[in-house]
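Reading through the structure tokens given below for one structure.
Where a number appears in this text, it was derived from the coordinates with a stated rule and is not lab data. In this text, all values refer to a predicted model and were calculated from it rather than measured experimentally. No Cβ is skipped: glycine too gets one built from the backbone with ideal geometry, and neighbour counts run over all protein chains shown.
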Amino acid sequence: MKKRPFILISSIILLCTISILSGCKKEEDVKEFDTQSSEDNSLAEATFNDVMEIANQAIENQSLGLSSYRLKDQENSLLSNCATVTVTPDSIGPGGNIEVNFGTTPCRCTDYRYRKGIVNVNYTGTYRDSSAIITASLSDYYVGLDSSKLFQVMGTKTVTNKGHNSAGNLWYTIDVNGQIRNSAGATMTWNSQRQREWIAGESTTGLSNFGDDIYSITGSANGSTFEGKTFTASITQALIVQVGCRWIQAGKFDLTPTGLATRSFDYGSGACDNDATLTVNGATFNIELR
């Protein structure tokens with residue numbers, strides 16, 4: 001009879017232990033299938049591609065010979081009438097500095113994204129010039145599809161033109177040291193080293209023809225998510241980016257959050273949409289790109 005309390009207490013402890021272990025297992029499963037790292041990496045990839053496209057379009061227009069101007073809205077131009085562009089040429093060379101100012105209130109651009117703030121561009125030549133170096137830095141710059149939930153983009157992106165490769169295409173090295181803050185105040189970091197090949201559209205010039213430019217991107221990245229989780233990423237199938245599309249259209253990358261299994265991210269086969277898939281431990285999830 002005296003042993004029953006001990007048996008009862010032992011049973012309770014066992015049940016509690018099983019419950020705790022079961023809870024831990026469920027929490028581990030949730031973490032294992034978490035998609036946040038992959039989504040945040042994709043957001044950073046697209047956002048900094050966008051920043052450099054603004055820089056490229058501004059440099060392309062410096063040939064207008066104007067020190068300050070606004071453009072009328074036109075298809076494929078991210079500058080539009082939202083931005084005031086101020087050009088300060090280098091007195092001893094082909095380069096200079098350009099300020100692209102979207103103002104202090106969100107303005108809806110031709111790609112349906114709202115922007116405000118400044119993109120500063122330093123360039124030693126145009127995007128097409130071999131050995132040219134273009135650096136974009138940001139000042140109170142915000143962008144997003146919802147004017148009340150804009151992302152603040154910070155940091156720098158540097159592109160170096162390496163000339164034509166054996167396939168006859170211009171190619172570039174790209175370095176990004178960046179941060180993105182969401183509307184809730186959380187900040188993610190993103191650092192990348194990429195190679196970009198211009199695979200279509202080089203022969204056409206002018207703002208009206210930016211939409212046919214297509215690039216193939218390879219390389220790696222690392223950073224931390226809005227939740228503070230670190231990760232590394234490596235492109236396994238070249239990412240395909242067309243200037244006329246808001247999202248990356250094709251390609252794959254593997255992303256490994258610290259302490260978790262590798263995720264395989266697939267942008268699809270080339271359609272201009274915000275659909276992608278993510279596979280981890282044999283399970284595949286549909287992802288909607290931001």
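Given the pairs Lys149/Lys229; Lys229/Lys252; Lys116/Lys162, which are separated by over 29 angstrom at their Cα positions?
Lys116/Lys162
Charges were assigned to the Cβ only: +1 to each Lys and Arg, -1 to each Asp and Glu. The resulting dipole of the range 34-288 about its Cα centre is roughly 380 debye.
In order along the range 145-155, the phi-based Karplus estimate (6.51 cos²θ - 1.76 cosθ + 1.60, θ = phi - 60°) of 3J(HN,Hα) comes to 7, 10, 5, 8, 9, 7, 9, 8, 10, 10, x Hz; Gly and Pro are listed as x. Mind giving me the FRET efficiency for Arg181 and Thr104? R0 is 22 Å, r the Cβ-Cβ distance, nearest 0.05 is fine. So, using R0 = 22 Å, E works out to roughly 0.80. Note on Thr256 and Thr204: the extension gain reaches 14.8 nm, defined as 0.36 nm multiplied by sequence separation minus the Cα-Cα distance. Projecting the Cα atoms of Thr88, Ala46, Thr35 onto the charge dipole of the range 34-288, computed from C-beta unit charges around the Cα centre, puts Thr88 farthest toward the positive end.
Translational diffusion of the range 34-288, estimated by Stokes-Einstein from the Kirkwood radius over alpha carbon pairs at 37 °C in a medium of 0.692 mPa s, is 176 µm² per second. Can you give the local net charge around Asn122? Use residues other than it whose beta-carbon is closer than 15 angstrom to its beta-carbon, Lys and Arg +1, Asp and Glu -1. Computed value for this residue: -3. Charge tally for Gln193 (other residues, Cβ to Cβ under 14 Å; Lys, Arg +1; Asp, Glu -1): +2.
Proximity of backbone amide H atoms, modeled 1.01 Å from N, is registered between Arg246 and no other residue at under 5 Å, excluding neighbours fewer than 5 places apart on the same chain.
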